[in-house]
Amino acid sequence: MNTEETTLDKIRTRPRFRMFTHLSKEEYAENLKKYLAEHADEFSGNINKEVATICVKTNDEGYWKPRLSLRVEIEDDETSIRGIFGPSSAVWTFFMFLYFSFSILWMVFFSMYYVEKQINSQEFPWALNASFAMLLCIAITYAAARFGQHKAKDEMLKLRRFAEESTLQFEKIN
């Protein structure tokens, strides 16, 4: 098994990695199901031959309860497994909505400020301050995501171990 990971992958909102194995898609899916069944007290998830979603069983449900999405693809006669860590789809959609909204508002307010300066108007003296407020909101949203990742670091490590062990354990058998 070979693993790829870059520095950029570590600083993303949704960290990712990539592994290569000689197992076929079907073999890999069956091995994941076996491994999940053996560790059912610690993990839960859905698995098919294309995609798997795995979570760590915990008592608390934080907003960043990590899930590991594994996508299985065939590349150059080798099976590629792409892993992406992230929160539930509802939380992910909410954060993307916030980023989108604050970014659009920043562009609107900054454009208002710029146009006001170009035409020597004083109708929107608050536009520059509002654009800085939107940048602050974007930074706060990013900080909240990073805080959630930091809080869930142990669970993310368990999920990473799940991905590696479930592949290595059955690669040695075959």
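The values are calculated or read from the model by the stated rules, or taken from the named source; none is laboratory data. Just so we're clear, the structure is a prediction, and the values are computed from it rather than from any experiment. Here the Cβ positions follow ideal geometry from the backbone for every residue, glycine too, while neighbour counts run over all protein chains shown. Keep in mind that these areas ignore ligands, DNA and RNA; they rest on the heavy atoms of the full protein, side chains included. Shrake-Rupley method; radii C 1.70, N 1.55, O 1.52, S 1.80 Å.
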Confirm whether E27 is surrounded by fewer than 14 Cβ atoms within 10 Å (Cβ to Cβ), farther than 28 Å from Y142 by Cβ and of a type in the set (D, E). no
Which one of these does N129 not meet: (1) outside any helix (DSSP H, G or I); (2) among the polar types (S, T, N, Q); (3) open to solvent by 60 Å² or more (accessible area, probe 1.4 Å)? (1)
Can you tell me how many residues in region 148-162 are touching a residue at least 40 places away in the same chain (Cβ under 8 Å) and in a helix (DSSP H, G or I)? 9
When you look at Y63, is it over 20 Å from F162 (Cβ atoms), at pLDDT 85 or above and open to solvent by 30 Å² or more (accessible area, probe 1.4 Å), yes or no? no
S89 vs. criteria without any contact (Cβ under 8 Å) to a residue 12 or more places away in the chain and closer than 30 Å to S24 by Cβ: yes
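For (1) closer than 25 Å to K151 by Cβ; (2) open to solvent by less than 80 Å² (accessible area, probe 1.4 Å); (3) within 19 Å of the chain's Cα centre (by Cα); (4) modelled with pLDDT of 85 or more, each residue gets a yes or a no:
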position	(1), (2), (3), (4)
E4	no, no, yes, no
L8	yes, no, yes, no
P15	yes, yes, yes, no
R18	no, yes, yes, no
K34	no, no, no, yes
A37	no, yes, no, yes
A40	yes, yes, no, yes
F43	yes, yes, yes, yes
I47	no, yes, yes, yes
Anything in region 79-105 that is open to solvent by 80 Å² or more (accessible area, probe 1.4 Å), of a type outside the set (V, I, T) and either over 22 Å from K153 (Cβ atoms) or at pLDDT 95 or above (or both)? List them, or say none. F97, F100
Criterion first (without any contact (Cβ under 8 Å) to a residue 40 or more places away in the chain and either farther than 23 Å from P15 by Cβ or part of a helix (DSSP H, G or I) (or both)) does S166 satisfy it? no
Which residue is modelled with the lowest pLDDT, if the candidates are limited to region 106-121 and must be open to solvent by less than 80 Å² (accessible area, probe 1.4 Å) and among the hydroxyl-bearing types (S, T, Y)? S121
